[in-house]
């Protein structure tokens, strides 16, 4: 077993394909619907709350760094966005690994999709005009922008190597759904080991015969819930939870799975 301190930067901003993929997996939207909703956010009457949606790259020019304070301030009038702890001043990442990269725009006509600096100050008035789907997509775009201004995610990763029916299986674990749900006081090696074991329990002989030693991606939600339940059990059994043990742990964990609801932002 190996434990390492690691860090991970925020994801890239959105071009045209990336929100199509995200909205397809998260909301079940076809690519055409994502573009339709984005176009309405861009040039819809009384909206115009995002930049041109047919972006070709996931970078911004350095000239837009000066817009950061206005966009952040405009977004933070919304309850859900104000809860995001953007540092003051925001973190500006330049170059290929960041958000502001002039060379990354070479040959492109349009930069990444972000909130429109010229309209964001009117978010309080614009929000009620947006449909439920428009609110979903704007949330995706706005959160990507705010994430680009946040510190790197720092975590400790434990990699456990186990034997699965004669095959070497490596599983890497981080603090995840169960740690958040149980308000765990700390995470132990046993937590990660049991998480790795829970993953191996989802690997069947039929899976191995197809050439895979990990659960199939199509079962990612079921696998995640199974692992979270096992980790939560470990945390409660060790007395490390910050909350009382629920009577129905399975149902408790399932309720923590991502199920977006979009109520009034303002």
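One table, with the values for the structure above:
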| read-out | value |
| --- | --- |
| Residue list for the stretch 180-196, restricted to those being touching a helix residue (DSSP H, G or I) at 6+ places or on another chain (Cβ under 7 Å) and surrounded by 17 or more Cβ atoms within 10 Å (Cβ to Cβ) | 181, 182, 184, 187, 191, 194, 195 |
| Residues of the stretch 17-42 satisfying the condition of being within 27 Å of residue 219 (Cα to Cα) and surrounded by 14 or more Cβ atoms within 10 Å (Cβ to Cβ) | 18, 19, 20, 22, 23, 24, 27, 29, 31, 33, 34 |
| Qualifying residues in the stretch 47-96 (those that are free of Cβ contacts under 8 Å to residues at least 60 places away in the same chain, within 22 Å of residue 130 (Cβ to Cβ) and within 21 Å of the chain's Cα centre (by Cα)) - the one surrounded by the fewest Cβ atoms within 10 Å (Cβ to Cβ) | 83 |
| Residue in the stretch 142-162 that is at pLDDT below 90, within 30 Å of residue 196 (Cβ to Cβ) and buried (at least 18 other Cβ atoms within 10 Å of the Cβ) present | yes |
| Considering residues of the stretch 197-208 that are crowded, with 18+ Cβ neighbours inside 10 Å and part of a helix (DSSP H, G or I) only, the residue modelled with the highest pLDDT | 198 |
| Matching option when the condition is over 29 Å from residue 125 (Cβ atoms) and out of contact with any helix residue (DSSP H, G or I) (no Cβ under 6 Å at 6 or more places or on another chain), among 24, 44 | 24 |
| Test for residue 117: is it at pLDDT 85 or above, in the same structural domain as residue 43 (by TED's automatic domain parsing) and in a loop (DSSP other than H, G, I, E, B) | yes |
| Residues that are more than 28 Å from residue 94 (Cβ to Cβ), under 19 Å from the mean Cα position of the chain (by Cα) and outside any loop (DSSP other than H, G, I, E, B), drawn from the stretch 20-32 | 23, 24, 25, 26, 27 |
| Meets criteria (in a helix (DSSP H, G or I), within 25 Å of the chain's Cα centre (by Cα) and at pLDDT 75 or above) for residue 232 | yes |
| Qualifying residue in the stretch 2-19 (condition: on the phi > 0 side of the Ramachandran plot and either in the same structural domain as residue 97 (by TED's automatic domain parsing) or outside any helix (DSSP H, G or I) (or both)) | no |
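Here is a yes/no grid of residues against (1) closer than 21 Å to residue 118 by Cα; (2) in a helix (DSSP H, G or I); (3) modelled with pLDDT of 95 or more; (4) in contact with a helix residue (DSSP H, G or I) (Cβ under 8 Å, 6 or more places away or on another chain):
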{"site": "34", "(1), (2), (3), (4)": "no, yes, yes, yes"}
{"site": "39", "(1), (2), (3), (4)": "yes, yes, yes, no"}
{"site": "58", "(1), (2), (3), (4)": "yes, no, yes, yes"}
{"site": "63", "(1), (2), (3), (4)": "yes, yes, yes, no"}
{"site": "66", "(1), (2), (3), (4)": "yes, yes, yes, no"}
{"site": "71", "(1), (2), (3), (4)": "yes, yes, yes, yes"}
{"site": "88", "(1), (2), (3), (4)": "no, no, no, no"}
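The values are calculated or read from the model by the stated rules, or taken from the named source; none is laboratory data. Given the structure is predicted, the values throughout are model-derived calculations rather than measurements. Don't worry about glycine lacking a Cβ; one is built from the backbone with ideal geometry, like all the others, and counts go over all protein chains shown.
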